[in-house]
Amino acid sequence: MKKKYLKFCNKLSNACGVFAVIALMLSILVIVELVFERYFFQRPITWQTELVTMLLVASTFIGSAYVLSEKAHVSMEWIYDFLSKKNIIKLKIFTSFVSLIFFLILFYFGYLMVEEAFVKKYTTGTVWDPPLWIPYSSMMIGALLMILQYVAEIIKLKEEGDLN
C-alpha cells in the first residue's frame, strides 16, 4: 500500500512539475503578445496582466509539490554537520510534520476562500472580470498537493530511519 501511495505521489508531483512549466511558458507567451499588442499595434491591454498573474500564482502553488519531491526546496543543511544520521532523519521528520500542519491550515483557509468566492460570485472587477474562485483554487489545490507530498516524504524518511 505504501509503495502504491509513493508511486502515485511521484506521478502526481511530476504532473505538477509539467503543469508549472506549461503555465510558466504560457505566461511568457502572453507577455510577449502583450508587448506586441501594446507597443506595436497601440491597442490597450485588458486581460493579459490578470492572466499572467493567475498563471504565475498557479505555477508557484501547484508546482511546489514537484519542487518538494525533487528536494529542490531551501534547507539549512549546515545544521546536519552537527548531527548524527539518526538525528538528521528525526529532524527532517519533525520539520516535515510542522510543514504538514502549515499546509493543512493553508488548505482549510484556501477552501474557505474558494467557497466564499464561488458562492458569492466574486470577480476581479476589471474589464475581463474572471471569477476569483479560479485563481483562489490554485492555492487550495497546491496546499492539498503539498499535504500529499509531505505525507509521502514522511513515509520515505521513516523507511530510511528503519534501515539504519
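Structural remarks
- Among residues of the range 5-34 that are of a type in the set (Val, Ile, Thr), those with a beta-carbon under 7 Å from a residue that is surrounded by 16 or more Cβ atoms within 10 Å (Cβ to Cβ) at least six positions away or on a different chain give the pairs VAL30/GLN48; VAL30/LEU51; VAL30/VAL52; ILE31/VAL52.
- Residue selected from the range 56-84 under the condition polar (S, T, N, Q) and touching a residue at least 24 places away in the same chain (Cβ under 8 Å), by the criterion nearest to GLN149 (Cα to Cα): SER69
- Residue within the range 107-123 that is without any contact (Cβ under 8 Å) to a residue 60 or more places away in the chain, outside any helix (DSSP H, G or I), of a type in the set (Ser, Thr, Tyr) and over 24 Å from GLU159 (Cβ atoms) present: yes
- Scanning the range 132-164 for residues that are among the charged types (D, E, K, R) and surrounded by 19 or more Cβ atoms within 10 Å (Cβ to Cβ) yields a count of 1.
- Qualifying residue in the range 114-131 (condition: more than 23 Å from TRP47 (Cβ to Cβ), surrounded by fewer than 18 Cβ atoms within 10 Å (Cβ to Cβ) and aliphatic (A, V, I, L, M)): yes
- Residue that is touching a residue at least 60 places away in the same chain (Cβ under 8 Å) and either in a helix (DSSP H, G or I) or on the phi > 0 side of the Ramachandran plot (or both), where the choices are LEU91, LEU145: LEU145
- Any hit, the range 135-152, residues being among the hydrophobic types (A, V, I, L, M, F, W, C) and at pLDDT below 95: no
- Taken as a whole, the structure places THR95 among residues that are at pLDDT below 95, more than 27 Å from VAL21 (Cα to Cα), within 23 Å of the chain's Cα centre (by Cα) and polar (S, T, N, Q).
- Flag if THR53 is farther than 30 Å from THR124 by Cβ and β-branched (Val, Ile, Thr): no
- For the range 41-79, the candidate set comprises residues that are assigned to a helix (DSSP H, G or I), modelled with pLDDT of 85 or more and aromatic (Phe, Trp, Tyr); within that set, the residue that is surrounded by the most Cβ atoms within 10 Å (Cβ to Cβ) is PHE61.
The values are calculated or read from the model by the stated rules, or taken from the named source; none is laboratory data. From a predicted model like this one, the values you see are computed outputs, not experimental measurements. Backbone-built Cβ (ideal geometry, glycine too); neighbour counts: all protein chains shown.
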